[in-house]
Amino acid sequence: MNKHEPPRSFGVFKPTGHTVATFADAAHMEEAVAQMEAAGLASSEFTRYAPSEMAAQTEVDLDRAGAFAAIGQELNLVKLHRRLALKGCHFLVVPTADENQA
């Protein structure tokens with residue numbers, strides 16, 4: 001996934017086929033990365049977001065959100081990502097083929 005051109009639906013971030021994990025700080029995120037690598041996942045496919053990066057992305061998403069984004073959960077998730085980013089949380093986006101892998 002390219003975080004500079006993230007996947008969107010109705011104007012907001014929607015990384016279909018990925019799982020978004022949130023961590024209180026970068027150290028906890030990197031610990032999780034190490035554990036996933038040990039389990040055989042390729043961390044080169046992971047996308048990391050610093051709090052400032054996710055906060056900036058959510059600003060763009062909230063400005064671009066289409067009317068249909070409010071019908072599903074897309075807009076609610078963007079608002080949640082924003083709140084967590086403003087609290088200093090880090091984000092890790094991991095490709096997941098299905099619910100079992102997630």
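The values are calculated or read from the model by the stated rules, or taken from the named source; none is laboratory data. Because the structure is a prediction, the values reported are computed rather than measured. Cβ atoms come from the backbone with ideal geometry, glycine included; neighbour counts cover every protein chain shown. Ligands, DNA and RNA are excluded from the accessible area calculation, which covers all protein heavy atoms including side chains. Shrake-Rupley method; radii C 1.70, N 1.55, O 1.52, S 1.80 Å.
Specify the residue that is modelled with the highest pLDDT; the eligible residues are those in the stretch 4-47 that are on the phi > 0 side of the Ramachandran plot and surrounded by 15 or more Cβ atoms within 10 Å (Cβ to Cβ).
Applying the filter and picking the extreme gives 11.
Could you check residue 35 against (1) under 15 Å from the mean Cα position of the chain (by Cα); (2) among the polar types (S, T, N, Q); (3) farther than 16 Å from residue 1 by Cβ and say which number it fails?
Tallying (1) under 15 Å from the mean Cα position of the chain (by Cα); (2) among the polar types (S, T, N, Q); (3) farther than 16 Å from residue 1 by Cβ, residue 35 fails exactly one: (1).
In the stretch 68-102, what count of residues is obtained for those that are within 15 Å of the chain's Cα centre (by Cα), over 12 Å from residue 13 (Cβ atoms) and surrounded by 13 or more Cβ atoms within 10 Å (Cβ to Cβ)?
Residues meeting the conditions: 9.
What are the residues in the stretch 48-67 that are part of a helix (DSSP H, G or I) and loosely packed, with under 15 Cβ neighbours inside 10 Å, if any?
52, 56, 59, 63, 64, 67
Just to be sure I understand the filter: pairs with C-beta atoms under 8 Å, separated by 6 or more residues or on different chains, first member in the stretch 55-73 and under 20 Å from residue 92 (Cβ atoms) and at pLDDT 75 or above, second member open to solvent by 70 Å² or more (accessible area, probe 1.4 Å) and not charged (D, E, K, R). Which pairs pass?
55/86
Consider residue 51 against the criteria (1) over 18 Å from residue 83 (Cβ atoms); (2) touching a Gly at 6+ places or on another chain (Cβ under 8 Å): it satisfies all of them except one. Which criterion is unmet?
Single failed check for residue 51: (1).
Can you tell me how many residues in the stretch 79-95 are touching a His at 6+ places or on another chain (Cβ under 6 Å) and closer than 16 Å to residue 60 by Cα?
Counting residues in the stretch 79-95 that are touching a His at 6+ places or on another chain (Cβ under 6 Å) and closer than 16 Å to residue 60 by Cα gives 0.
Pairs please, first residue from the stretch 7-26 and closer than 16 Å to residue 83 by Cβ, second anywhere and hydrophobic (A, V, I, L, M, F, W, C) and open to solvent by 40 Å² or more (accessible area, probe 1.4 Å), Cβ atoms under 7 Å, 6+ apart in sequence or on different chains.
Pairs that qualify, where the first residue is closer than 16 Å to residue 83 by Cβ and the partner is hydrophobic (A, V, I, L, M, F, W, C) and open to solvent by 40 Å² or more (accessible area, probe 1.4 Å), are 22/84.
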